[in-house]
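Take a look at the structure set out below.
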Amino acid sequence: MALSDTKLRSLHGKPYTGSPELSDGDGLGVRISPLGAMAFQFRYRWEGKAQRISLGKYPAMGLKDARALVGELRLLYDKGINPRTHFDTKHASSDLTVGDCLEHWMNGYVRTQLRTNTINLYEAVVVKHMKDSFKGRSVSSISVKDWIGFFGAQEKEGQKRARMMFIQAKSAFSWCLRRQLIDRCEMMRIEPKDVGQRSETGERVLTFNELAQIWIAIEKTRASPANKYLHQLVMLWGCRLSELRLSLKQEFDLTDLIWTVPKEHSKMGNIIRRPIFSQAQPIIERLMDAYDNVMFPGHDINQPISIAAANRYIGRIRDEMDGMGYWRAHDFRRTVVTRLSEEGVAPHVTEKMMGHDLGGVMAVYNKHDWLDEQRRGYEIFADKLLWHIKNVK
């Protein structure tokens, strides 16, 4: 019978008289001492002999992490590599510091497998603020109390940032535990709900009158045409900022009037196709005439506007607009979907407009983009916005 977190929690640290080993599957099991101490292990056969690898102690290593590690060991086994031999070079070290673990994680996983935006996020949060923490101390020597004190100090700097930092650090230490770079980390016993507060799900939906005021405010700035057009097109398309900010000239087909976002620029790693509708086409044509390959260049004509510069620009506009309250460029996405739903545009169309894959079986078999329906939706939205721009009070 498969293990469960509930089962493990009920047995941990309590007198135990049952079977000394409980199985989960794929060779994963947990050994339980009479005092309720628990440790995961992986069993397999190599050259006709039974083998066993100790994975880590519960709860420093969770069931989810143990299963993930066994999956990696199984892949080695299926390739004809003895998991024990492979991991002999990766024995746990009690000397690794927080900075060491973050460096191993960044070089061994983050920088090799994740997208640039995610890499930058990790470097700006967990690496920046934690790489020098607990200097000279091994991760295994840091107690739960120490961690609570550390994140308590981080909460004073920002509740949401503290929560994000904790979640990122937990991913890093979990990765190190699975590879036996460390034998334990007491931070794994803390839950995200114990640190800071999570980022709120955005709820702001702008009115057409508010959108019109933002559009006019953009027009009045002295920013470059590229910066102005970037945010106005994001407002019209409801796309993610970086999908457009990083775009190149070849992504825009002015013959078939289709903008294709490559998977490298997509948050979900999928190709996104959107129509170049009538109100957006003149802006795209002006940009293609004005610049070289990069559609929205910054100071360097060959490099796109940085995300920091784009965010600063919107921040300045927001600060100068009294009475509208807080808003951000990402709210344009929610606004496009909400306003078009009010106009009767079908959900599967607005999902494609947002660049989302459809759920369930449709995600597997239905690759249609509903470009004509998208185009009609975008033109409805743009017409209403342009009317309000002409009539804004």
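The values are calculated or read from the model by the stated rules, or taken from the named source; none is laboratory data. Every value quoted in this text rests on a predicted model; they were computed, and no experiment measured them. No Cβ is skipped: glycine too gets one built from the backbone with ideal geometry, and neighbour counts run over all protein chains shown.
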Item to complete: Taking the residues in the stretch 311-338 that are modelled with pLDDT of 90 or more and within 21 Å of the chain's Cα centre (by Cα) as candidates, determine which candidate is farthest from G377 (Cα to Cα).
Response: D331
Worksheet item: Has the stretch 271-283 got at least one residue that is among the small types (G, A, S) and exposed (fewer than 13 other Cβ atoms within 10 Å of the Cβ)?
Response: no
Worksheet item: So, of the residues in the stretch 21-31 that are without any contact (Cβ under 8 Å) to a residue 40 or more places away in the chain and under 14 Å from S54 (Cβ atoms), which turns out to be surrounded by the fewest Cβ atoms within 10 Å (Cβ to Cβ)?
Response: E21
Item to complete: Starting from residues that are basic (K, R) and at pLDDT below 90, keep the ones in the stretch 250-283 and report whichever is farthest from L114 (Cα to Cα).
Response: K263
Worksheet item: Among the residues of the stretch 187-214, which ones are under 30 Å from V337 (Cα atoms), modelled with pLDDT of 85 or more and in a loop (DSSP other than H, G, I, E, B)?
Response: V205, L206, T207
Practice prompt. Check G325, G315 and return the single one that is surrounded by fewer than 16 Cβ atoms within 10 Å (Cβ to Cβ) and at positive phi.
Written response: G325
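Per-residue answers, yes or no, for (1) buried (at least 19 other Cβ atoms within 10 Å of the Cβ); (2) in contact (Cβ under 8 Å) with a residue 40 or more places away in the chain; (3) part of a helix (DSSP H, G or I); (4) outside the structural domain of G298 (by TED's automatic domain parsing):
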residue: I216; (1), (2), (3), (4): no, yes, yes, no
residue: E219; (1), (2), (3), (4): no, no, yes, no
residue: A226; (1), (2), (3), (4): yes, yes, yes, no
residue: Y229; (1), (2), (3), (4): yes, yes, yes, no
residue: Q250; (1), (2), (3), (4): no, yes, yes, no
residue: M268; (1), (2), (3), (4): no, yes, no, no
Worksheet item: For A308, are the conditions met, namely being more than 15 Å from L211 (Cβ to Cβ), hydrophobic (A, V, I, L, M, F, W, C) and free of Cβ contacts under 8 Å to residues at least 12 places away in the same chain?
Response: yes
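Residues are listed down the side, and each one gets a yes or a no for (1) over 15 Å from R178 (Cα atoms); (2) outside any helix (DSSP H, G or I):
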position	(1), (2)
P34	yes, yes
A39	no, yes
Q51	yes, yes
S54	no, yes
K57	no, yes
A60	no, yes
L73	no, no
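Here is a yes/no grid of residues against (1) under 16 Å from R184 (Cβ atoms); (2) modelled with pLDDT of 85 or more:
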| position | (1), (2) |
| --- | --- |
| I53 | no, yes |
| M61 | yes, no |
| P83 | no, no |
| D95 | yes, no |
| G99 | no, yes |
Worksheet item: Assuming L177 fulfils every condition listed in (1) of a type outside the set (K, R); (2) outside the structural domain of A280 (by TED's automatic domain parsing); (3) surrounded by fewer than 15 Cβ atoms within 10 Å (Cβ to Cβ) apart from one, which condition is it?
Response: (3)
Discussion item. Pairs please, first residue from the stretch 1-14 and more than 15 Å from D65 (Cα to Cα), second anywhere and surrounded by fewer than 11 Cβ atoms within 10 Å (Cβ to Cβ) and not hydroxyl-bearing (S, T, Y), Cβ atoms under 8 Å, 6+ apart in sequence or on different chains.
Written reply: G13/L35
Worksheet item: Here are some conditions: (1) in a loop (DSSP other than H, G, I, E, B); (2) buried (at least 20 other Cβ atoms within 10 Å of the Cβ); (3) modelled with pLDDT of 90 or more. L236 meets all but one. Which one does it not meet?
Response: (1)
Item to complete: Mind listing whichever residues of the stretch 339-368 are modelled with pLDDT of 80 or more and exposed (fewer than 13 other Cβ atoms within 10 Å of the Cβ)?
Response: E342, E343, G344, P347
Discussion item. Show me the helices (runs of 4 or more DSSP H) found entirely inside the stretch 100-186 where at least 3 residues are more than 29 Å from N270 (Cα to Cα) and without any contact (Cβ under 8 Å) to a residue 12 or more places away in the chain.
Written reply: 144-157
